[in-house]
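The values are calculated or read from the model by the stated rules, or taken from the named source; none is laboratory data. None of the values given here were measured: they were computed from a predicted structure. Note: ideal-geometry Cβ built from the backbone for every residue, glycine included; neighbour counts use all protein chains shown.
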Amino acid sequence: MSIILFYVTVIILFWTYVSLRKRNEDYPQGRSPLLYIIYASVGIGLFSPLLTLALSLIDGTTLQDAGPIGDWIAGSTVPFFTFAAFLTAYMAYMNQKEELEYARKTAEQQSKAIELGRFENTLFHLLNEMQNFHDRIVVTYSKRPEQDHVHVYGQLFSEFKGSLEAYLKDKNKKQSAARIERLVQEGKISQDERSRRYERALLDKYANALRGCPLYEYAELYHLHKYIKSILLLIRQYKLEEKDYPFYIHLLNIYLSNEALQLSIYYAFAIPEDEVSALMRTYGMIEYVDSEEDQHFFNSVSQ
């Protein structure tokens, strides 16, 4: 009976080892050194019964006839098999932990993929709606045969840039600059405060110029601003990685005309309490403004 239990134990240990080895090959962490220790322990544990069997078949002697060495070999079976069993149980526990961690990471990746799919479905739905709205009003047809159509956003952008440049060059700007410089010389404000006041004054002039322009009252541009705001808030909600910003922001440049995209950026800075201007800077949307001077200004005041 004892010999049967012994062989059953050997078979169970070997089967467990094979199973653990397969798991180690299936997962990316590599083969554990414990497998080699289990190999060695099982091998040493098997040496005693195999040697006993060989001696009995050859001349009928036993390990007890070999003296102290034989006694040690005979007594090594149980300790080494016990050690192998302990390592096997420990390794099974560690493999279970690694398998659970692997399953958790896989579930997280799948969850992220599902969330990204939802985000992109919502994003492209908004983009398509925005494009349909844009295309409905981008062209108006004239009754005059010599002028069959007018690009609405192009015409608005041209008029706006002209009025904006004229507004920013007026004498009030020079008076404001002289007043700020006088405060610096009198030591009433610091250089940092000087820069902040310049930016604030210029931002106010941009906002005033926009509000004084028909652009600010243009309902279609207001609705376009709402679409862009929804898209930027959607990007923020899904917490995309920074490296993904350019790809999704570039879609706005694809779905909108260049003039409409730039107008929406200027329009956002006419609403200081609105968070869209800060999001435009964060996601690199300001880079689509043709004027480098305006790009620098928008980047500074939206920080």
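If I filter the range 42-62 for residues that are closer than 30 Å to residue 220 by Cβ and either out of contact with any Cys (no Cβ under 9 Å at 6 or more places or on another chain) or modelled with pLDDT of 70 or more (or both), do I get at least one hit? So that I can check it myself, show each step before the final result.
Just the residues of the range 42-62 that are closer than 30 Å to residue 220 by Cβ, to begin with: none.
For the range 42-62, residues closer than 30 Å to residue 220 by Cβ and either out of contact with any Cys (no Cβ under 9 Å at 6 or more places or on another chain) or modelled with pLDDT of 70 or more (or both): absent.
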Considering every residue within the range 244-258, establish whether at least one is of a type outside the set (Ser, Thr, Tyr), under 19 Å from residue 135 (Cβ atoms) and in a loop (DSSP other than H, G, I, E, B).
-> yes
- request: Could you tell me whether residue 267 is more than 26 Å from the chain's Cα centre (by Cα) and either under 17 Å from residue 134 (Cα atoms) or among the β-branched types (Val, Ile, Thr) (or both)?
  value: yes
